[in-house]
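Before any comments, here is the structure.
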Amino acid sequence: MLILEVHHLQKSYWEKGQALQAVRDLSLRVSAGEILAFLGPNGAGKTTSIKMMAGLVMPDSGWVRIGGRNPHQQPEALRLLGAVLEGNRNIYWRLTCRENLEYFGVLRGLSARQASQRAELLLERFELTQKRQTIVQSLSRGMQQKLAIAVALMHQPPLLLLDEPTLGLDVEATESVKRLIREIATEGCAIVLTTHQLAIAEELSNRVAIMHRGEVLLEEPTDALIQQFSTGSYRIEMSDTIDAPRCSKLERLGVVVEGDRQLFVADPGQLYEALAILKPLPLLRIETDQATLKEVFLTLVRQNQDSIKLN
Ligand SMILES: Nc1ncnc2c1ncn2[C@@H]1O[C@H](COP(=O)(O)OP(=O)(O)OP(=O)(O)O)[C@@H](O)[C@H]1O
Ligand SMILES: [Mg+2]
C-alpha cells in the first residue's frame, strides 16, 4: 500500500540576494513496511526534503501526499506521520519522558487514557521505563533519541520520517535504535531514513535514494544496487600457504594469487577448477566480492561531480 508520494518538489532559499536551489526536483514513493534510505552528501537537500514531507517547509512547487492527503493543505495529513528531525526538536527538554509522550499523544488526537496506556507501552518497548519520571535534559543522548522516536510513534502513524536517528550514538544505543526501526517497519510503518552511516543504511533499507545538489541521482532496491556494483568474483582465503606448483597452475588458469594465502577468481565459472587445484589444502573462507553501499555511494557522487565539472 502506497503511503508517501512526493511529486517533483522544488525549494529555493534566498541567501544574500541570490537564490539557492536546495531541492531542484524530488519525486519518491514509499509503501507500508518499506524502509527508504535517503542518502546524500552534506548540503544535498535531505533535511529540506524531509521538512517538506513533514509539512514544515512549504515547497515552491510540487506536492506531497501522505495516505492520499496533502500535509500542506489538509492538516489531518499530519496525524498520519511521525517525524524525528536533527537534534530531537520534537521533545520538550524540561518535561519528563512520560509527560512528553502523553502531551504529544493528546496533541495528535489520543484521549488522556489512551495516551497514558500507550506511553507505558512505548516506555517499556524503548527500555525507558526506569526513566519515565526523569526530565529529558538529564537523559543520555541515546535515551533522548529513543524517546524522540517513541514520541513520534505515540499516535501509531503509518509514516515515520527519521533524519539521522543514530547520529552521535554509541554502539549499543545504535544497535537498539536499529532494532526498533526494523521492528517498526515489520509492523507495517513506512520509513524514510536519512543517515551518513552507510553501513546502517545498507543493513536496514529495502530501497536507496541518493540525492546530490538537490536532485535524486538514483533510486533502486538496495540489494539490486549493491549487486549491480559487485563484480561477481570470488575471494578465497586459505589457512595455510599455497605451494609453488599449485600457484603456477592457478595462475595459468587466470586466478590471481595475492600473498601466499589469498586467491582472487575474477571469472565465477572458474571457481570449481580453482578449488580442484587447491584440494585438499584447508580453506579458511570463500566469499563473493560484494560492493558495499559506501563504495556505490562514493562512485555515484564522484561521477556526478565529474560530470558537473565537464559541463
Ligand atoms: N533555512 C534555510 N535558509 C537558507 N538556506 C538553507 C536553509 N536550510 C537549508 N539551507 C541550504 O539548503 C541546502 C540544503 O540543506 P539541507 O539541510 O537540506 O541539506 P542536508 O542534505 O540535510 O545536509 P546534511 O547532510 O549536512 O544534514 C544547503 O545549501 C543549506 O545551506
Ligand atoms: Mg540534514
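The values are calculated or read from the model by the stated rules, or taken from the named source; none is laboratory data. Quick caveat: nothing in here was measured; it's all calculated off a predicted structure. Here Cβ is always computed from backbone atoms with ideal geometry, including for glycine, and neighbour counts include all displayed protein chains.
Listing for the model above:
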{"quantity": "Any chance Ile200 is of a type in the set (Val, Ile, Thr) and either in a strand (DSSP E or B) or within 16 Å of ligand 1 (Cβ to nearest atom) (or both)", "calculated": "yes"}
{"quantity": "Segment 7-24 - residue that is within 14 Å of ligand 1 (Cβ to nearest atom) and surrounded by 14 or more Cβ atoms within 10 Å (Cβ to Cβ) and, of those, farthest from Arg69 (Cα to Cα)", "calculated": "Gln21"}
{"quantity": "Subset of segment 32-52 that is assigned to a helix (DSSP H, G or I) and near ligand 2 (Cβ under 10 Å from one of its atoms) - its residue that is surrounded by the fewest Cβ atoms within 10 Å (Cβ to Cβ)", "calculated": "Thr47"}
{"quantity": "Check on Ile149, of a type in the set (Val, Ile, Thr), in contact (Cβ under 8 Å) with a residue 12 or more places away in the chain and surrounded by fewer than 17 Cβ atoms within 10 Å (Cβ to Cβ)", "calculated": "no"}
{"quantity": "Complete set of residues in segment 203-240 that are of a type in the set (A, V, I, L, M, F, W, C) and more than 16 Å from ligand 1 (Cβ to nearest atom)", "calculated": "Leu204, Ala224, Leu225, Ile226, Phe229, Ile236, Met238"}
{"quantity": "All positions within segment 233-264 that are of a type outside the set (Phe, Trp, Tyr) and assigned to a strand (DSSP E or B)", "calculated": "Arg235, Ile236, Glu237, Met238, Val256, Val257, Glu258, Gln262, Leu263"}
{"quantity": "Qualifying positions in segment 177-190 - crowded, with 19+ Cβ neighbours inside 10 Å and in contact with a Gly (Cβ under 9 Å, 6 or more places away or on another chain)", "calculated": "Val177, Ala185, Cys189, Ala190"}
{"quantity": "Single unsatisfied condition, Gly55 versus (1) within 12 Å of ligand 1 (Cβ to nearest atom); (2) in a loop (DSSP other than H, G, I, E, B); (3) buried (at least 19 other Cβ atoms within 10 Å of the Cβ)", "calculated": "(1)"}
{"quantity": "Matching residues, segment 272-304, being in a helix (DSSP H, G or I) and among the basic types (Lys, Arg)", "calculated": "Lys294, Arg302"}
{"quantity": "Residue in segment 89-99 that is more than 27 Å from Leu2 (Cβ to Cβ), within 16 Å of ligand 1 (Cβ to nearest atom), at pLDDT below 95 and not small (Gly, Ala, Ser) present", "calculated": "yes"}
{"quantity": "Residue check, Glu86 touching a Ser or Thr at 6+ places or on another chain (Cβ under 7 Å) and surrounded by fewer than 19 Cβ atoms within 10 Å (Cβ to Cβ)", "calculated": "yes"}
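Residue-by-condition table, conditions (1) among the hydroxyl-bearing types (Ser, Thr, Tyr); (2) surrounded by 16 or more Cβ atoms within 10 Å (Cβ to Cβ):
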{"residue": "Thr195", "(1), (2)": "yes, yes"}
{"residue": "Glu202", "(1), (2)": "no, yes"}
{"residue": "Arg207", "(1), (2)": "no, yes"}
{"residue": "Ile210", "(1), (2)": "no, yes"}
{"residue": "Ser230", "(1), (2)": "yes, no"}
{"residue": "Ile236", "(1), (2)": "no, yes"}
{"residue": "Ile242", "(1), (2)": "no, yes"}
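Residue by residue, here is whether (1) under 15 Å from Leu160 (Cβ atoms); (2) at pLDDT below 95; (3) more than 21 Å from the chain's Cα centre (by Cα) holds:
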site	(1), (2), (3)
Trp14	no, yes, yes
Gln18	no, yes, yes
Glu34	yes, no, no
Ala37	yes, no, no
Pro41	no, yes, no
Gly45	no, no, no
Met52	no, no, no
Ser61	no, no, yes
